[in-house]
Structure formats: C-alpha cells, structure tokens
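Comments concern the structure below.
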Amino acid sequence: MALKDAPVAIRRAATVAQISNSFTRGLGILFTTLIIATLPTWVPGLLAYQTIPVALLVLAIGSVIVSRKGSRIREEIAERQFKKARSSTFTTAILGFIIGGVLPGILYLYLYTRIGDVMVKRTPDDPKTVYLLPRPSEGIFLGRYFGWTAAYLLVLYIGYTQLSPGLREVSDWLSPVLGVHFNTMIVALFLVFTNPLTYPPLLYLWSFAGFLGGLIAGGKIRRGFLVGMTVFLSTLGALGLAALAIYQTINLSALSNLPPPPPGFSIISATTGPVAGDIIPILIQGSTPTSQMVIQDIVLTMMRNAGLVFAVATISGRAASLFWQGDVFILKTLWRMIKTKTPTLPQNIPKKGILLLALAILLFVPSPHTTQSSAISQAPPSMPYQQNLAIGLDMLGAPGASLRMTNLDLSSRGLVLDNNYVGNNLSLFIINNNYTRFLGVSSSLGIPSFILGLFSQPALITLYTGDPATTRGESDNVAAQFSQALGVTFTKAFALPYGGSTITIYAPNPELTNNDALTRVLGLLPSSSFSTLIAPASLQNLQYFAALGLATISLPPLLNTTPTRAFDFLLNTQFPREFYKAGQHNLSLKTLLGFQTGIVGDTNSNASIVSISFQRGTVLYSPLGLTPPYNPLYDNLTSTYIYNATITPRADFAANFTYPFAPNITVQKSASPSSGLLGTNHDVVVVVQNLDNVTVTNLNVTDDQAPSAYQKTLQISPSGVQTAQFASFAPGQTQFLSYTATTESSGIYVLSSATADFVWQAPNGTQMRYTINTNVPLLSSSSGPWTQFTRTFTDLQPYSYLLLLPLLITPIVETLKLVSRHRKKRPEPWVNTPAEPQNVPPPVPALIRPDQSTDGTSSANP
C-alpha cells in the first residue's frame, strides 16, 4: 500500500527520517560551500593543521557519510523493518554527534525514539503490509535537455550583452588583434571566474539561470542539480575552446605591436572589475609575480570563484526542483478539490506544497544596500605660492591653455608632507578627459606618456623608491590623505615595477566623473587663485588633463623660482582651431575661458602671472608696458606677452597681433558606417577641402590605413598606403581618398591618422609649409552570442564536437528511458491477505461408529 495509508506513527517516523536526511544533506552542502568560499585561506590552513579548516573538512565529509548512512532508514520504516531501521538510526545518530556537527545526531536520536514508539505500539495481529514510498515525478519529457538549452543560451546572451565595462573595454581593444574568439574567451572568463559574492549581477544571472533550467527540468532534486552542473561545464568548455583557438592562431609579433587603446579606455575600470579585481591584489601583496605563493594564491582564488559559481548554479537548480515539486503538489491538490467541488478551498491547501514554495522563494530575496556621498568645501587661503596661466598658439591657429600652481600648502585639507613621503617621488591625482598631447605633460610630471594615455577616469598615482614591503604601507597612507581631502574613497587597483621603483594606481568610486573630480580638485585650491577663472562645465567637451599632488612642475623662467618639494597643480586644455591666414587677430582670455570675473592676483601668492605665447615672428599690436612697472610687457626672445596680475587687476587680458597661420584647409578621415555587425563593409574616406579664398601648392596626402596588428582581422581593399599629390589646390576644391575595410572580429578598430602637408605663400612673399593630422576614426564591430558560438564551433572542429555531447546524449537517454517505461508490464496490485489465526485449538475429531463411513453413510456389517 502507499505510505499515505500507513498508520500515523509509521507516517510520522518516515517524515522525521526524511527531514533528518534532508537536513544532513543541506549541512553537507553548507560546509562544502564554506570551504569553497574560503578556499584561498582554507588550503594553507589545512596544510598547517589549523583548527577551523580541519573542522570544516571533517564536518563536510561527516555530513556526507551521515546522509548516506541514513538514506535508507525511511525505506526500512516503510517496509516495517523496524529493528533494522532502529539499529541504523542509532549508528547514524552516533556518527552525527561525532562528525556530523551535533545537529544531525539530535535529529536521528529523536528519530530513534519515534521508531521505538512504533515498535512499542505494534501488536501481534498487525497486518504484514509493506508500504511503498511515493515515487518522485520524472518531470516533463526531455525536461533536462530543454532546461539545459534555455539556461545555457540565457547565460551566454547575458554574458555577451551585459559584460562588465572593464572587460568590455579590454575585449574591444584586443579582439581586433587576437581574433573573434578573444571576445568569447573574455565572456566565458567573466561568467566562470568572477566571484558572485562580490559582483551581484553575476550572482543574479547564475541564480536565475540555474532556477530556470531546474524549473524546466522539473522532477527530482537531482535533475535540477544536473542541469545547473551541465550549464556550468558547458560555459567552461566554451572558455577552453576559445583559448585553444587563440593559441592556434596567435602571433607574438602582433602582441609586441599593439595599437593604442580606443578613446575612453580606462585601465582603472579594467583592473578593478571582475576577475582582475581578485588577481591584482594578490600580485600587489606578493614579493614577485612568479613566486610559488603568488601562483598558488591566484590558482586557489580562481578555483574559489569557479566553485562559487558552480554552487550558485546547482543550488538554484535544486531550489527550482523544490519549487516545481511544491507547485505540482498544490496544483494536483487543487485539481482534486475542483473535481470534488470542495467549497473550503483555502483551508485545504497542503502544508507540504506551501513549505516547498517558501523554501525556494526565500533563496532569492535580495539584500538592501545603501550609498552615501560627501560634500565639497572650499579650502582656506594657502601659504605663498606661485601661479601661472599660460596661453599658447600653434602654427595652425589652435589655442592651448595651461594653469600651473606650485608650492601649495594643503595641510588644512589633510594633505601633509609627513614621513609617508620620504621615499615618494610622485603622488598625483590625475584627470584625463581625452587629452592626447602628453609630450609636454609627460616630461613635466616624470610619467611616461603611454601610461598617461591609459587613463580616461580619475585615478591616484604614487611612485616610490625602496623596499616594496615598506613603501606599500606608506603609499596606502598617502592614498588615505587624498581620500580625506577629496572626499572620495580610493581602492588599490594595481601596482607595477618601473625602473627600480614601484608605481601604484588607486581607483576612486566608479560613479566619480571627470567633471565632478575636477570640481573637487579646484575646491582644494586657494579661493582667490586663478582657479576661479576655470569653469569645469565649460571644459567637459574639450580635451584637458589635470593633476594635483606632489610633483616637480616647472614654471616659466620669468618667475625666477627654484622648484620646491611641495604640492602642485596642473591643468592643460586644448581648444579647437580659431585663427586662419595672416592679418590682425584678437585673442581674449575672457572669451576663450568663459569666466565672468576679472583677473585679480592673489595677495597671498608670490607671483600671479598670465602669459600668452606666440609663434616666432608674431607682430604684437597691443599696448606694451613702456614705463615702470612695465606691465604688461612683451618678451621678444620667447615671443611671450606677460601680465603680472598682482600689480594691476584687469577685467580681461587680450592681445591684438598678426601671424600667418595656416589657411582653412581641412583634412578629415571618416568611416561609414562607423559601427556594424561582424563582416560589415565600412567605406573609409579621406576628404581634403579648401574652405579658404587662397590657393595652396604642393599638397601631399598620405593615409597608412590601419595599424599592422589588424592585418589578420581587418580586410582592406585596396590595401597599402594611400597617397595623393596635387601641385595646386584652389579655393573650393575637394579631393578624396577612399577604400573599403571589412571587419572579421568584434571590437573597436582604431584606424591610422591621415596626414596632409602643403605650402602657402604669405602676403609678404614668405613660403610656409604646414602639416595637418586628421582625427583617428574608429570602426566598431559587434557580434551576437550565436555568431560567436558558431564561429568558435566551426573553427575548432573536431574538438568542438565535445560540446555536442550534452546536446545529443540527453535526448537519446531520455527517449530510451521513456520507451523502457512503456514496455514494462503493469505490476499486479498488492493483495492484503489476512494473517493466519494464532493460538486456536485444533478441531476435535468426531467419533465414527464402526458401521458408519467418514461421509456419514452406513455400511453393511458382515
């Protein structure tokens, strides 16, 4: 008979046995998950025989042993083998107390008493009935197959479309060099080796994917576990296949000649995001990146992250099976109620189904989180310092501004030159807003230009000379000072050796924009300095670079100051072309910078100088300071117009001058369309236009098309350097260079800049040669998950057929099981036969007369 028809005592004992076994299994999963979550510290602790790691291992193994030992107790109770069940329960309880974490021992001890209660109440005339355990549902046909397919495609789709910003930037930069499989590898790396406990979006993704797959699979809990495991292993297989494809086609020469990263690339975002955010701190703390301990920590950290992802996927699959069972149980009960027309529906909802639903739903309740922001306040006046606002003009007529302030005292805001700066060569908070002219900035700050070009987000850079074990703490203390001064929380992104020193990069919170960071930096400067002439909102669409901290920023020779070890500030801004050809021009600082107040020198500063530097040969028509104090004055040697704002305040500082700037000849390189899917043909056009009213000669246009690192993934027709020469280029004339570029990988292609040089004869007869470089066009190529997967599958045959195993084997196995179940004959129902009567005396034989036979008839007496 079914277990539900058994006596109450037997049913309760079987329920307690089921709860005890399920609880013990849950403890085993919990202890195993704790080991995985603490794997980087658990393994060294286990090797050192520490108490907690050893206890976790014993509890994890003990829970498995106890759950296996107690797995058949419920069945033994149903089969009425009470003595055997009680003996197994007693043994399991002892194991539960010793190696199972006490709680299983308590549960099985209680089960021991329940079985004893059943044995006490048993009577000799009890029927010898064997009760059958309820058979779990097998779920829908091919449920595991459909669940795996849906969950796997969901994981890949979300991984491709919602890749973390840092990894997306790395993929966009290197995929055009390494091929389309690099994007697949980055996505799979993100999905498998990101810590879901520190990156909630991935936790939600794997939880939902495992739950979806388990819900579609349905049936026993083991089915949900298998679906979650299969999805995880399939993603890991995609990672291996992509890595294999890259290894087979990689060219080391391409890696040595990498193109520049696309505009907007931020090394901060790449190093503080998923995966790298777990590895780089290990490299920073280690003595050398190749030491055994560093490699061990990295391997254990990656195993921990992959194990947590596996745990999330499989546990959510188990929860989905619980949800499915509870849902099916309730639906069946409701259907029976509807068929029997039971009026009191809410009172008859089964407790078992509600419990299963509640357990599954509680696993997906998110935890709240709060954020906070800090205010900005203006700094009080500083000690005597120097400030110089310099404006320069290039040969093409494009202004550039540079504000430099040295010898700043920022102790009132927490920036103090204490013992933490003893071995410090550089401590700078930098802001790079697409600035490209790093040649002068690099030499002034002492930082290589290629490093500055990797930052598109605010960052703090420290450079220390000495033992890294000592300077590491000093660098962190300096970062704490900047954090207090700016009201921004810094996180150590990475550190790297450079010329016997160590460069450490700290990242602020990702929500900090360049505009907000510049506002905070300007708030640290003296309130009456030239910083009031700068409006961050007016610079956000321009190219600029700002830096504040300990550096040796040089000032113009006219200030006659010796560099001191103090905090300095630098702001370089590049403006578009404004002046063309010869003739009288006017340059106004108020118009250029957009400030509303006048130019007033700070009385607390040693010098407040404003200067405008011209090209050699410029004729200045502005009134000069011919009488003391000679303000403003013009330095013929440097072609610089100088104004000391401390002596005489002015509403504006303007210059009337003449110089033969380049005519309005424009050279533009563009691609149409600028973005598209993989394999799109992009028409690249170089347009040269004469928008002026003068003729130029000897025009040469050269276009190198694209960096050589793209030669395997970017097909250009016609290929090779494109050139064009024109002896004369008249007003209104337009010339073109064009070719087609076809992308064969996803990512962002940074094409080469085109160059044009020409000669123009000024009105005074002087011939001048000018060179113009175009902007750098970008080709954005994208590919969906299906394209990525099919390319990897096609390029890696026959290895890729391994991914078809779960795709093909699962339907075959499910079909065979279904056929075998239908071929089986229905078993005969159980027959309840009454037990033989006991202690009944045998029947007394009747006395038979000699003349009577046994059948009662008379016989003749001879």
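The residue that is most open to solvent (accessible area, probe 1.4 Å), counting only those in region 381-416 that are out of contact with any helix residue (DSSP H, G or I) (no Cβ under 6 Å at 6 or more places or on another chain), farther than 20 Å from Ser605 by Cα and in a loop (DSSP other than H, G, I, E, B), is Met395.
Residue pairs whose Cβ atoms lie under 6 Å apart, separated by 6 or more positions or on different chains, with the first residue in region 508-534 and touching a residue at least 24 places away in the same chain (Cβ under 8 Å) and the second open to solvent by 50 Å² or more (accessible area, probe 1.4 Å), are Asn515/Gln540; Arg520/Ile376; Gly523/Ile376; Gly523/Gln378; Pro526/Pro381; Ser527/Gln378. Any residue in region 788-797 that is at pLDDT 90 or above and open to solvent by less than 40 Å² (accessible area, probe 1.4 Å)? No, region 788-797 contains no residue that is at pLDDT 90 or above and open to solvent by less than 40 Å² (accessible area, probe 1.4 Å).
A single member of Leu258, Leu308, Leu300 is of a type in the set (A, V, I, L, M) and under 30 Å from Asn432 (Cα atoms), and it is Leu258. Taking region 67-89 as the range and being free of Cβ contacts under 8 Å to residues at least 24 places away in the same chain and crowded, with 16+ Cβ neighbours inside 10 Å as the test, the residues that pass are Arg72, Glu76, Gln81, Ser88. Looking across region 174-214, just one residue is in contact with a His (Cβ under 9 Å, 6 or more places away or on another chain) and open to solvent by less than 40 Å² (accessible area, probe 1.4 Å), and that is Ser175. Does Phe595 satisfy the condition of being in a loop (DSSP other than H, G, I, E, B), among the hydrophobic types (A, V, I, L, M, F, W, C), crowded, with 16+ Cβ neighbours inside 10 Å and at pLDDT 85 or above? For Phe595, the condition - in a loop (DSSP other than H, G, I, E, B), among the hydrophobic types (A, V, I, L, M, F, W, C), crowded, with 16+ Cβ neighbours inside 10 Å and at pLDDT 85 or above - is met.
What do you reckon, is Ile186 β-branched (Val, Ile, Thr) and farther than 22 Å from Thr743 by Cα? No; evaluated as a whole, the condition is false for this residue. Every residue in region 94-117 that is of a type in the set (A, V, I, L, M) and under 28 Å from Ala2 (Cβ atoms), please. Listed by number, the residues that qualify are Leu107, Leu111, Ile115. Residue pairs whose Cβ atoms lie under 6 Å apart, sitting 6 or more positions apart in sequence or on different chains, and linking a residue in region 95-122 that is more than 20 Å from Phe82 (Cβ to Cβ) and in a loop (DSSP other than H, G, I, E, B) to a partner that is open to solvent by less than 40 Å² (accessible area, probe 1.4 Å) and not basic (Lys, Arg), are Gly100/Gly62; Gly100/Ser63; Gly100/Val66; Gly101/Leu27. State whether one or more residues within region 242-262 are at pLDDT 85 or above and open to solvent by 30 Å² or more (accessible area, probe 1.4 Å). Yes, some residue in region 242-262 is at pLDDT 85 or above and open to solvent by 30 Å² or more (accessible area, probe 1.4 Å). Here region 141-173 is the region considered, the condition is being open to solvent by 40 Å² or more (accessible area, probe 1.4 Å) and in a loop (DSSP other than H, G, I, E, B), and the residue that is modelled with the highest pLDDT is Gln162. Open to solvent by 40 Å² or more (accessible area, probe 1.4 Å), assigned to a helix (DSSP H, G or I), within 29 Å of Thr646 (Cα to Cα) and modelled with pLDDT of 90 or more: is that true of Thr532 in this structure? Considered against the rule, which asks whether it is open to solvent by 40 Å² or more (accessible area, probe 1.4 Å), assigned to a helix (DSSP H, G or I), within 29 Å of Thr646 (Cα to Cα) and modelled with pLDDT of 90 or more, Thr532 comes out as no. So is Thr618 more than 30 Å from Asp683 (Cα to Cα), hydroxyl-bearing (Ser, Thr, Tyr), modelled with pLDDT under 90 and out of contact with any Phe, Trp or Tyr (no Cβ under 8 Å at 6 or more places or on another chain) or not? Considered against the rule, which asks whether it is more than 30 Å from Asp683 (Cα to Cα), hydroxyl-bearing (Ser, Thr, Tyr), modelled with pLDDT under 90 and out of contact with any Phe, Trp or Tyr (no Cβ under 8 Å at 6 or more places or on another chain), Thr618 comes out as no. Among the candidates Val64, Val54, Val58, the residue that is exposed (fewer than 15 other Cβ atoms within 10 Å of the Cβ), at pLDDT 90 or above and either assigned to a helix (DSSP H, G or I) or hydroxyl-bearing (Ser, Thr, Tyr) (or both) is uniquely Val54. Does Phe726 fit the bill of being open to solvent by 60 Å² or more (accessible area, probe 1.4 Å) and in a strand (DSSP E or B)? It is false that Phe726 is open to solvent by 60 Å² or more (accessible area, probe 1.4 Å) and in a strand (DSSP E or B). The single residue among Pro399, Pro381, Pro368 that is in contact with a strand residue (DSSP E or B) (Cβ under 7 Å, 6 or more places away or on another chain), of a type outside the set (A, V, I, L, M, F, W, C) and at pLDDT below 85 turns out to be Pro381. Residue pairs whose Cβ atoms lie under 6 Å apart, sitting 6 or more positions apart in sequence or on different chains, and linking a residue in region 39-50 that is closer than 18 Å to Asn305 by Cβ to a partner that is open to solvent by 40 Å² or more (accessible area, probe 1.4 Å) and of a type in the set (A, V, I, L, M, F, W, C), are Leu39/Met303.
Of the residues in region 102-116, at least one is surrounded by fewer than 21 Cβ atoms within 10 Å (Cβ to Cβ), closer than 30 Å to Leu203 by Cβ and not hydroxyl-bearing (Ser, Thr, Tyr). For region 303-324, the set of residues classified as open to solvent by 30 Å² or more (accessible area, probe 1.4 Å) and within 19 Å of Leu189 (Cα to Cα) consists of Met303, Arg304, Phe310, listed by residue number.
The values are calculated or read from the model by the stated rules, or taken from the named source; none is laboratory data. Everything numeric here is computed off the predicted structure, so don't read it as measured data. Quick reminder, even Gly has a Cβ in these numbers, built from the backbone with ideal geometry, and neighbours come from all protein chains shown. Keep in mind that these areas ignore ligands, DNA and RNA; they rest on the heavy atoms of the full protein, side chains included. Shrake-Rupley method; radii C 1.70, N 1.55, O 1.52, S 1.80 Å.
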